[in-house]
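Trainee: Sharing a structure below in structure tokens format, with a few things to ask.
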Amino acid sequence: MKKSLPAIVAAILMTVLPAAQAQWVVIDPANLVQNILTAARTLQQINNQIQQLQNEAQMLTNQAKNLTSLPFSALNQLQSALSATNQLLQQAQGLSLNLTQMETQFAQLYPAAYTAATPANQMALDASQHWQNALEALRTAAEVQSQSVQNFASDEQTLSALVNSSQSAVGALQATQATNQLLALQARQAIQAQQLQVTQDRAVALEQARQVAVHARAAEVRHRFHGTGTPYTPSPVNFYGN
């Protein structure tokens, strides 16, 4: 059980006073008590300051952890995967993916109707080009699908690394950076899904345009076959004059 401060002071006085009386030294008990109390208060203030300094040191340590940057970055992997898909789109053959060029090519290759002024060989060339465009659009869609499948393995590794980095984050900054990179991975996958959808829709659209062009050529061919003169009218023929 701890002794109270007055008890400690009384014990000190009982020890000091006999010796002081033997040496004929005059001691002021009240002053001695005051000095002891002052020393005790000073010691307590020093202890409080030490605790405050320790708290501040811990606070600075925590701030340093919160400002520590994440040592892992998946940016290069994400950009590489996205770049691979973009490269396939840039290399796509057939009808251009550039809006201005596409509009010009589409108007030339897919007219609303053929006229009598269109040469037959031109219609044959158009039919061949329509088939080629549809084939290349399907090829591009298949290539983008294959690239997406290859990206799955890379995405799985990146996701695992980012989750581990987030779980082992030592501070708020690392956790935030890991979360941002997870969001970047999700955005890259969404962009890839859009790219895949574009190539598939493009293939469907060009096939539909090819079929429309087939009907347009067929209509013109029928028109030329029937001609503009009097159509043939069947009538009975008497070979024997009967």
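Trainee: If I filter the range 69-84 for residues that are at pLDDT 85 or above and surrounded by 15 or more Cβ atoms within 10 Å (Cβ to Cβ), do I get at least one hit?
Mentor: yes
Trainee: While we're here: Taking the condition of being open to solvent by 30 Å² or more (accessible area, probe 1.4 Å), out of contact with any helix residue (DSSP H, G or I) (no Cβ under 6 Å at 6 or more places or on another chain) and under 20 Å from R222 (Cα atoms), how many residues in the range 100-126 meet it?
Mentor: Qualifying residue count for the region: 11.
Trainee: Can you tell me how many residues within the range 30-68 are open to solvent by 90 Å² or more (accessible area, probe 1.4 Å) and either touching a His at 6+ places or on another chain (Cβ under 7 Å) or of a type in the set (A, V, I, L, M) (or both)?
Mentor: Summing the residues that are open to solvent by 90 Å² or more (accessible area, probe 1.4 Å) and either touching a His at 6+ places or on another chain (Cβ under 7 Å) or of a type in the set (A, V, I, L, M) (or both) in the range 30-68 gives 5.
Trainee: Among the residues of the range 137-155, how many are open to solvent by 30 Å² or more (accessible area, probe 1.4 Å) and either hydrophobic (A, V, I, L, M, F, W, C) or within 15 Å of A203 (Cβ to Cβ) (or both)?
Mentor: Looking only at that region, the number is 9.
Trainee: For the range 145-158, give me each residue that is farther than 12 Å from A81 by Cβ and in contact (Cβ under 8 Å) with a residue 24 or more places away in the chain.
Mentor: Correct list: Q145 only.
Trainee: Related question: For the range 177-198, check the following and say yes or no: at least one residue is aliphatic (A, V, I, L, M) and within 30 Å of A113 (Cβ to Cβ).
Mentor: Within the range 177-198, one or more residues are aliphatic (A, V, I, L, M) and within 30 Å of A113 (Cβ to Cβ).
Trainee: Name the residue that is farthest from L78 (Cα to Cα), counting only residues in the range 170-189 that are among the small types (G, A, S) and open to solvent by less than 30 Å² (accessible area, probe 1.4 Å).
Mentor: In this case the residue turns out to be G171.
Trainee: Another question about this same structure. Does E207 count as open to solvent by 60 Å² or more (accessible area, probe 1.4 Å) and of a type in the set (D, E, K, R)?
Mentor: No: the conditions fail for E207.
Trainee: So in the range 153-172, with the set limited to residues that are in a helix (DSSP H, G or I) and of a type in the set (G, A, S), which one is farthest from the chain's Cα centre (by Cα)?
Mentor: A172
Trainee: How many residues does the range 85-96 contain that are open to solvent by less than 30 Å² (accessible area, probe 1.4 Å) and small (G, A, S)?
Mentor: 2
The values are calculated or read from the model by the stated rules, or taken from the named source; none is laboratory data. A quick note: this is a predicted structure, and the numbers were derived from the prediction, not measured. Using ideal geometry, Cβ is built from the backbone for each residue, glycine included, and neighbour counts are taken over all protein chains shown. These area figures cover heavy atoms from the full protein model, side chains too; ligands, DNA and RNA do not enter into them. Shrake-Rupley method; radii C 1.70, N 1.55, O 1.52, S 1.80 Å.
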